[in-house]
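Take a look at the following structure, please.
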Amino acid sequence: SDAQGISPDTLLSDYASWWLERRKDEISASYYSNCTVAIKDIVENSGGYKLRELNPTIIQRFYDKLDKKEKTVTVVTAKPELRAAMKAEDMGFRKLRYEKDFNCSTLSAALAGNSISYDYAKRLADCLGRNVHTLFNVKQTNALYAYETIHKVKRTLRAILSTAKKQRIIADNYASADYISFPKRPAREIDYMNDEDAKRFYAAADACSDIRCKTAAMTLLLTGMRRGELCGLEWSDIDFNEATITIARSVTTVSGFGVVEKEPKTESSKRVIAISDKLISVLTDYKKWYDAYQYDMGDRWQGAGRLFVAEEGKRLYPGTIDNWVHKVCDEASLPHRTVHSLRHTNITMQIAAGVPLVTVSGRAGHARTSTTTDIYSHFLKSSDKTAAEKLEQLFE
């Protein structure tokens, strides 16, 4: 994969492929997967140009087209007929799970009325000998791609041309902000729970009969860690004496690679955070259950010290965490929230409680305090008002 044969006359499509293969061993599986998808877009739209032919007009035209790109969103939810068909065919939850190898968390989601993939619904309908539309509502709508999805494509082209400039193949990187105008990043909508809902979620999590579900929900709410960081936890990361958790790795699902363990998001995402007595007590109870479960499994145990595991200690799919959070929401009679909304809830509650911003940012694993300020500016304004009122009370 040396640069022999690469010149200003090389097609952008060929150069992009060379660039990706050259970097394959030094980048993470998720970044490689993202770049592969981005390069497909770049090749389809501008791959036929030679490197020397590229100019700001060509790239701006490509970017403008990207900004208008739409996708078809398919929402598939079960009809009451699904349960009836399962009963009629004597295909209960356990039979589908163990004999027909249907993922149990997706099956639970379908039966709870949550949206699942069309492919899964089709396979389930086929298994029950029914037409997919008989058992499921299938709705399709068009929507623009998320800003971040489009931005990944632009960022990839900028990185490719940055390498070409370093190699003196092109004079300038026309994909950079010096030549191209980028749309403003839309304000982030933060999904978080108010104090009342957070208290209800906490109470429902604490009372949850499924100990894995309870421990995961309590850990997320009380630490504000990301879903991948929770999935990456190992028992060696918990210091029961010092009451701390070390966040050292993250687990994610990558298209074409399956479940992948990787370094946390940024260098500052590797962190040690203090945890409350309550969480220590929850983790202690969970450890007792975990050890007993491992003992019962005997030779079938496949765990490797991971905190959260699937059956027989197998690696847990990160999507299972979402189902556990939804389960707690159901028990608290709350609308379903994302795992990330628990992170937002944790951070906003710290800000409201007057915890110093440096501490909030450090616990969240943000690279800079400015990241926390940007995302939570709305809450900082309200805590700023509280500060002004407290000062006034002080002088009065």
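The values are calculated or read from the model by the stated rules, or taken from the named source; none is laboratory data. In this text, all values refer to a predicted model and were calculated from it rather than measured experimentally. Because the Cβ atoms are built from the backbone with ideal geometry, glycine has one as well, and the counts that use them run over all protein chains shown. For the accessible areas, the whole protein counts, side chains as well, though only heavy atoms, and no ligand, DNA or RNA atoms are used. Shrake-Rupley method; radii C 1.70, N 1.55, O 1.52, S 1.80 Å.
Provide the three semi-axes, in whole Å and in decreasing order, of the ellipsoid equivalent to the chain as defined by the square roots of 5 times the Cα gyration tensor eigenvalues. Don't skip to the end; give the middle numbers.
Details: eigenvalues 308, 202, 106 Å².
Semi-axes, largest first: 39, 32, 23 Å.
Run the accessible area of the chain with a 1.4 Å probe and give the carbon-and-sulfur part as a rounded percent. Each step should come with its number before you reach the end.
Numbers: 10650 of 21510 Å².
Carbon and sulfur atoms account for 50 percent of the accessible area of the chain.
Mind jotting down the distance between the C-alpha centroids of segment 357-396 and segment 112-161, whole Å?
Spelled out, the Cα-based centre of one part sits 38 Å from the other.
Given an 8 Å cut-off on Cα distances and at least 6 residues of separation, report the relative contact order of segment 1-136 as a percent.
Values: 99 pairs, mean separation 31.7, N = 136.
Rounded, it is 23 percent for segment 1-136.
Just in segment 178-278: which chymotrypsin sites (Phe, Trp or Tyr not before Pro) are loop by DSSP and have at most 15 other Cβ atoms within 10 Å?
Working: sites: Y179, Y192, F201, Y202, W235, F240, F257; in loops: Y179, Y192, F240, F257.
Answer in residue order: Y179, F240, F257.
Going by accessible area, probe 1.4 Å, with all protein chains left in place, what is the ranking of T223, T373, largest first? Intermediate results must be reported in sequence, preceding the final value.
On the way: T223 5, T373 50 Å².
Sorted by accessible area, descending: T373, T223.
How much accessible area per residue does the chain have, in Å², with a 1.4 Å probe? Please report the intermediate quantities before stating the final value.
Values: 21510 Å² over 396 residues.
Per residue, the chain has an accessible area of 54 Å².
Compute the semi-axes of the equivalent ellipsoid of segment 141-222, taking the square root of 5 times each eigenvalue of the Cα gyration tensor, and list them largest first in whole Å. If you can, show how the numbers build up before the last one.
Numbers: eigenvalues 430, 55, 26 Å².
Value: 46, 17, 11 Å, ordered largest first.
With a ≥ b ≥ c the root eigenvalues of the C-alpha gyration tensor of segment 219-324, is it rounded (a/c under 1.5), prolate (a/b larger than b/c) or oblate? Before the final figure, lay out the partial values.
Details: a/c = 1.80, a/b = 1.02, b/c = 1.76.
Judged from the Cα gyration tensor, segment 219-324 comes out oblate (a/c at least 1.5, b/c at or above a/b).
Here is a further query. Distance in nm between label sites at S176 and S117, each 7 Å beyond Cα in the beta-carbon direction?
Result for the modelled spin labels: 4.0 nm.
For the chain, what does the relative contact order come out to in percent, with C-alpha contacts under 8 Å and a separation of six or more? Kindly include the intermediate steps, with their values, before the conclusion.
Working: 480 pairs, mean separation 59.9, N = 396.
Reported relative contact order: 15 percent.
Moving on to the next point. Summing -39500 (n - 2.57) over the DSSP H runs of n ≥ 4 in the chain and dividing by its residue number, what mean residue ellipticity at 222 nm do you reach, to the nearest 500 deg cm²/dmol? Walk me through the numbers on the way to the answer.
Working: 18 runs with 210 residues, N = 396.
For the chain, the value works out to -16500 deg cm²/dmol.
A follow-up question, please. ³J(HN,Hα) across segment 22-34 via Karplus (A = 6.51, B = -1.76, C = 1.60, θ = phi - 60°), whole Hz, x for Gly/Pro?
5, 9, 3, 7, 9, 10, 6, 4, 5, 5, 4, 5, 4
Excluding D322 itself, calculate the net charge of residues whose Cβ lies under 14 Å from the Cβ of D322, where each Lys or Arg counts +1 and each Asp or Glu counts -1.
That sum, taken over residues with Cβ under 14 Å, equals +4.
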